[in-house]
Amino acid sequence: MDAAAAGRALGRRLPPAARVFGVRRPPLVLLGLGLVVGLAAALPALYLVFAVLDDARGALDAVLTGRTVGLITRSLGLAVAVTAAAIAIAVPLAWLTVRSDLPGRRVWATLLTLPLVIPSYIGAYLFVSALGPRGALAGLLGVERLPSIYGFTGAFLVLTLFTYPLVLIPLRGALQRMDPSLEEAARVMGRSPRDVFRSVVLPQLAPAIGAGGVLVALYVLSDFGAVSIMRFNSFTRDIYIAYESGFGRTEAAALGMVLVLVMLVLFAVYARVRAARALHRVTPGAQRPAQPVRLGGWRWPALAFCGAVAAIALVLPVGVLLYWATKQISSGLELGALATNGWHSLAAAAAAALAASLGAIVVALLSVRYPSVVTRIVERVGYAGYALPGIVVALALVFFTTRVALPLYQTLGVLVFALAIHYLPLAVSPIGASLLQVPPRLEEAARGLGRSPLAVLRTITTPLVASGVLGGGALVFLHALKELPATLLLAPIGFDTLATDVWHQTSFGFYEASAIPALLLLLIAAPPLYLLSARGSVAS
Amino acid sequence: MLLRRRRVALVAFTGLLAGLAACGSSEDENTLTMYSGRIAPILSPAVKQYETASGFDVKTRYGDSPALAATLTEEGKNSPADLFFAQDAGSLDAVEKQGLLLKLPADVLGRVPARFRSKAGAWVGVTGRSRVIAYGEDVKRSELPDSPLELTDEKWKGRVGWAPRNASLQGYITALRLVEGEDVAKRWLEGMVANDVQAFDSNIPVRDAIAKGEIELGLINHYYVAEAQAEDPDYPVKVHFPPKDLGSLVNTAGVAVLASSDDKEQALAFVRQMLSAQTQRYFADSSKEYPLVAGVQAPKELTPLADIPAPDIDLAKLGDLQGTLRLMRETGAL
């Protein structure tokens, strides 16, 4: 939904100024805030520009090789495969946990979202321990060795299982907000339930699926932990190799720029999916939840499906962690340190989630309500931080803070800021999707009755997109909990979190000792997820 | 519900701001700041020895050596760090090349043989670690090759693991290029890849894969096995020091003082402590590394440093990593 499309809808050609600044001018305060958020989110990309300009020739040499093309193709292949699989898993799970009378929907919804919190390098390691050539499963089956899961298979499996919640969360939100009257009308007119799902429900879910899918794809492109343990040569792994070789600042930056370009292309594709559509309810009145669909005999296969996903993505890794934890507990625990690290994780992640949600409301509002070239740039730049590996975001903050805000360097504030801009798109995308479902007429009516734009934002828009905001905030929170590179480089010295604790243990080869902080991460994440799953679910 | 959440978030945020203010004011006189690529369980007892001797406190930021080197590079002259303790010579070289390290005085450099310190004099090795062939229980001692170059033999197909991203393996390949020539190194890499060498993320997973029986041999550093044996005397992995073709090349972990440090004297005192007999003995005993200072006994289970053929190359030349990485990429090793 861009300015040109809006112009076509109005049946006339737009003057150039309207194409750039939009048909509807955003309030200046909102635009100002948007530019501030956009600039903050652009810092990692700006840093890459600085680093590349240091040695433009070397940067070009590093990028213009056949190897780059090969690696990008491999990474994109993995991203597409994982995204498709994540959507295929998330769509039925979302429908079952929101729209059906599946027993224990809230519990399922919580359990099935939790895999997101398992750091991908831990998850990958757990899978190698369980399903590797000489892993636990080989022992159980009594065979000498299993076929190797290293390479594409392993990376695909692990990333799919730990990222499908990125689609599940926005999708559940969208299903909860959907106007049931459309489906009811279609049913009354004699469409079969399957037909209704295909022709009425799915098109309304497209923005949420698209938004979640983009997040999965970007996650896969920027992931380092899973691909490195699964020994899959990806583009991001090459960026890390460039840093590890000690001289590779320019090369790493050049490769990072390529990643940003790939992201922009991905976005152009996504923008077509999200093309202008009226997705908000058609009838006036309060939001009304849909009647749950009775599963009847389908209840058992449905339960089996949820159970199977939970078993592989959650029970298996948690089982291995618990087994390690019992071994660890017998050799003593440092409860005090665990509690402190847990509190640090919680505080930093909560602050980052709050900051990112506030920024994301501004960005989403601009891009959905006041589409123009300017607002679109603000939105897309925001995604750069998410497409880039954590180490790039961290070094960007090191670069800028030591140059313009030295007294703040290595304080908690900068860490929270880094986490917020790194994960901003995680909040923008569900908020944007929920905003698409709110009729602008409501806002216009309030404006007509004399409310100021900010008052409309506070009293009308925000409450209506609350589930999107909470969903987005929760996504940022869950990611920030397990974030590693930025926390290692930017936190005040001695500010250990559960994630850095896990890292300390694993870098020493003590995978067993990492089990307890990893389990504590899951425990911290569970209550907010449970609360979130309760919101707006089918009336019971 | 939303309101309550907002209030909770507000309280949490205020708490954070208070915490932030507290963190900002903790800068204090008798404190050194160190960035360390070495992990806390190994380094912190050594740091304690310095703190006890000097009355100073050391605040340590732990991370991966290359990431910390990149951080120091981005910080430039504004770095809060006084010291950089790295796992490998490459990371120290990278910071030295940026001109960010203090040239160390001759009495400090002189404590360590020339091949374990920077030629330009801005960092000094603290401990040495030898390249080895680690092997599992399925391998007989008599089968073990005299040189890593023999691992391209058909009979080892698919049975060997390495960690191509690891600085020590890259250091070995650089040494091979310098001593045996570019051709030998290239043929070896091609042979290894053709022989289905199993690439792991780092040394520890290679060791663990040998223990599990996924692979039988691994090219790693000696002390990873020593650490595991210290935990479990029956650990099913042993080490072999290959006598030929630089097979047991010794790499170093070292320390440097930042030129921007506001307390260079104390930072140098820390370096001296690391090179003292007391701390050198600690490293030899706990992490089973080679002490580099004369007069301190190496762990007795290791091949004596003097018996390891020392190639006549200086570690500074190992800085030609770029050429090594290019070769590794060309041959598909990376």
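What to note about this one:
- Convex hull volume of the Cα atoms of the protein assembly as shown, normalised per residue: 171 Å³.
- DSSP loop GluC sites (Glu not before Pro) with at most 14 other Cβ within 10 Å excluded, longest remaining stretch of chain B: B:138-300
- Gain upon complete extension [A:A445, A:R25; 0.36 nm per residue less C-alpha separation]: 149.5 nm
- Sparse-neighbour loop sites [trypsin sites (Lys or Arg not before Pro); segment A:456-540; at most 11 other C-beta within 10 Å; DSSP]: none
- With at most 12 other Cβ atoms within 10 Å, longest stretch of chain A clear of loop GluC sites (Glu not before Pro) (DSSP): A:335-540
- Overall dimensions of segment A:158-208 as given by Cα atoms, namely Rg and Dmax in Å: 13.4, 44
- If you model segment A:435-508 as an ellipsoid using its alpha carbon gyration tensor, with each semi-axis the square root of five times an eigenvalue, the axes come out at 43, 13, 7 Å, biggest first.
- The figure for A:W108 is an accessible area of roughly 50 square angstrom, using a 1.4 Å probe on the protein chains alone.
- Efficiency of FRET from Cβ geometry, B:A230 and B:S142, R₀ 30 Å, rounded to 0.05: 0.65
- Other protein chain C-beta atoms within 10 Å of residue C-beta, averaged over A:495-507: 2.
- Surface per residue (accessible, 1.4 Å probe) for segment A:350-494, Å²: 27 Å²
- The protein assembly as shown: calculated mean residue ellipticity at 222 nm from DSSP helix runs of at least 4, using -39500 (n - 2.57): -19500 deg cm²/dmol
- ³J(HN,Hα), Karplus 6.51/-1.76/1.60, whole Hz, each residue of segment A:504-514, x for Gly, Pro: 3, 5, 6, 5, 9, x, 8, 5, 4, 5, 7
- Heavy atoms of the protein chains alone define the surface here; on that basis chain B has 41 Å² accessible area per residue at 1.4 Å probe size.
- On association of chains A and B, roughly 4900 Å² of accessible area becomes buried (total for both chains; probe 1.4 Å).
- Gained length - A:L523 relative to A:R145, 0.36 nm times residue gap less alpha-carbon distance: 132.7 nm
- Rounded percent of accessible protein surface that carbon and sulfur make up, the protein assembly as shown, 1.4 Å probe: 61 percent
- Cβ neighbours within 10 Å from other chains - mean over A:132-142: 2
- Derived scalar couplings ³J(HN,Hα) [segment A:422-435; Karplus, 6.51 cos²θ - 1.76 cosθ + 1.60; whole Hz; x for Gly, Pro]: 4, 10, 3, x, 4, 8, 4, 6, x, 5, x, 4, 6, 5
- Our summary of shape: the Cα atoms of segment B:230-297 have principal axis extents of 48, 30, 23 Å, ordered from largest down, in whole angstrom.
- Under 5 Å between amide hydrogens, built in the peptide plane, is the criterion, and for B:Q198 it picks out B:V160, B:G161, B:W162 among residues at least 5 positions away or on other chains.
- Once divided by 2.2 N^0.38 Å, the Cα radius of gyration of segment B:167-309 becomes 1.24.
- Theoretical FRET efficiency, 1/(1+(r/R0)^6), r = Cβ-Cβ of B:S54 and B:D107, R0 22 Å, to 0.05: 0.80
- Using the Stokes-Einstein relation with a Kirkwood hydrodynamic radius computed over Cα pairs, the translational diffusion coefficient of segment A:393-484 at 25 °C and a viscosity of 0.890 mPa s comes to 160 µm²/s.
- Cα-projected label distance for A:R458 with A:V69, points at 7 Å along beta-carbon direction, nm: 5.7 nm
- Amide H contacts under 5 Å for B:K59, placed H, 5+ residues apart: B:L32, B:T33, B:M34
- For the pair B:E182 and B:D153, the difference between a 0.36 nm per residue extended length and the Cα-Cα distance amounts to 8.4 nm.
The values are calculated or read from the model by the stated rules, or taken from the named source; none is laboratory data. As the structure is a computational prediction, the values presented were derived from the model and not from experiment. Cβ: placed from backbone, ideal geometry, glycine included. Neighbour counts: every protein chain shown. Areas reflect the complete protein model, heavy atoms only, side chains present, ligands, DNA and RNA absent. Shrake-Rupley method; radii C 1.70, N 1.55, O 1.52, S 1.80 Å.
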